[in-house]
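All remarks here apply to the structure that follows.
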Amino acid sequence: MPDESPEFLREAEALRDLRVLEEIERNPEVSQRQLANSMGVALGVANACLHALVRKGMIKIRGESNRSISYHLTKKGAGYKGTLALQWTRNTLDFYRVARTNLSQRMAKLPALGVERVVLVGVDEQVEIASIVAPETGVQVAAAIRREGTYLGDSVSGAPVVELAEALATAPDAVVLLGQIADAEVASIKQAAEKAGVRFLDLVDLA
């Protein structure tokens, strides 16, 4: 019977399988609790993932007690892991190509609006890609706004990643929103930008 689950659920399950297989390959004696912590899921979810992979013949369990138990990839499991890794790489590259094209087309419209120096805010991956394509569109990235829970470092493509107040102090022509973030956060940033006399633009509106 074909899998009728929504595509995004199948992709999430495939990524979860890949992470389990990679973790087991690195450390065959990993405990289920350690696996759950590394994946950021509940212990029961990690247990279910392991047993599902065992049933599919991807993993073999050796040992009898919890202290001596270890997990090992079968030949089938190693092949499955390789397939998943290749698939995930392709998906990532496809996302980059599509995002780069979309962001480039939208950012190219900014100079005509009198916006040549911007502060970026939004989803991390899109901030990174936008900072790369900006010079090609005649736009300078003055800074990116640091948001709670994001992984951006101290800079993106040479532009500093700073707190909102410091970003607005760089005197940009506009704060440009990339991707969907919480409405409350958008409202707060927009209010601060307008108070500082800086325009706030959602790049989606420039499609």
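From the set of residues in the stretch 70-101 that are surrounded by 15 or more Cβ atoms within 10 Å (Cβ to Cβ) and without any contact (Cβ under 8 Å) to a residue 40 or more places away in the chain, which is nearest to the chain's Cα centre (by Cα)?
Among them, the one singled out is ALA99.
Residues that are farther than 30 Å from ALA167 by Cα and at pLDDT below 95: list the strands (runs of 3 or more DSSP E) wholly contained in the stretch 37-150 that include at least 2 such residues.
In the stretch 37-150, the matching strands (runs of 3 or more DSSP E) lie at 59-62, 70-73.
This table checks each residue for (1) on the phi < 0 side of the Ramachandran plot; (2) not small (Gly, Ala, Ser).
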{"position": "ASN37", "(1), (2)": "yes, yes"}
{"position": "ASN47", "(1), (2)": "yes, yes"}
{"position": "GLY57", "(1), (2)": "no, no"}
{"position": "ARG67", "(1), (2)": "yes, yes"}
{"position": "GLY79", "(1), (2)": "yes, no"}
{"position": "THR83", "(1), (2)": "yes, yes"}
{"position": "ALA99", "(1), (2)": "yes, no"}
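Scan (1) surrounded by 12 or more Cβ atoms within 10 Å (Cβ to Cβ); (2) under 30 Å from ASP17 (Cβ atoms); (3) without any contact (Cβ under 8 Å) to a residue 12 or more places away in the chain; (4) of a type outside the set (Gly, Ala, Ser) for the single condition PRO135 breaks and write down its number.
Failing condition for PRO135: (2).
Give me the pairs, please: first residue somewhere in the stretch 32-55 and within 13 Å of LEU21 (Cβ to Cβ), second residue anywhere and exposed (fewer than 15 other Cβ atoms within 10 Å of the Cβ), beta-carbon distance under 7 Å, and either six or more positions apart or on two chains.
Final answer for the pair search is VAL54/ILE61.
Which condition from (1) without any contact (Cβ under 8 Å) to a residue 12 or more places away in the chain; (2) under 21 Å from the mean Cα position of the chain (by Cα); (3) outside the structural domain of LEU18 (by TED's automatic domain parsing) is the one that ALA112 breaks?
Of the numbered conditions (1) without any contact (Cβ under 8 Å) to a residue 12 or more places away in the chain; (2) under 21 Å from the mean Cα position of the chain (by Cα); (3) outside the structural domain of LEU18 (by TED's automatic domain parsing), the odd one out for ALA112 is (2).
Scan the stretch 93-107 for residues that are within 17 Å of ARG199 (Cα to Cα) and aliphatic (A, V, I, L, M) and report the count.
The total comes to 1.
Output yes when any residue across the stretch 100-108 is in contact with a Gly (Cβ under 8 Å, 6 or more places away or on another chain) and under 30 Å from ASP202 (Cβ atoms), and no when none is.
yes
Within the stretch 185-204, count every residue that is hydrophobic (A, V, I, L, M, F, W, C) and under 21 Å from the mean Cα position of the chain (by Cα).
Total meeting the criteria: 3.
Please state which of the following conditions VAL118 fails to meet, knowing it meets all the rest: (1) more than 30 Å from PRO28 (Cβ to Cβ); (2) surrounded by fewer than 16 Cβ atoms within 10 Å (Cβ to Cβ); (3) touching a strand residue (DSSP E or B) at 6+ places or on another chain (Cβ under 8 Å).
It is condition (2) that VAL118 fails.
Working only within the stretch 170-189, note down all residues that are without any contact (Cβ under 8 Å) to a residue 24 or more places away in the chain and either within 24 Å of THR137 (Cα to Cα) or of a type in the set (Val, Ile, Thr) (or both).
VAL186
Taking the residues in the stretch 158-184 that are part of a loop (DSSP other than H, G, I, E, B) and at pLDDT 85 or above as candidates, determine which candidate is nearest to VAL115 (Cα to Cα).
The qualifying residue nearest to VAL115 (Cα to Cα) is ASP173.
The values are calculated or read from the model by the stated rules, or taken from the named source; none is laboratory data. Here the structure is a predicted model, which means the values were calculated and not measured. In this analysis, Cβ positions are derived from the backbone assuming ideal geometry, glycine residues included, and neighbour counts consider all displayed protein chains.
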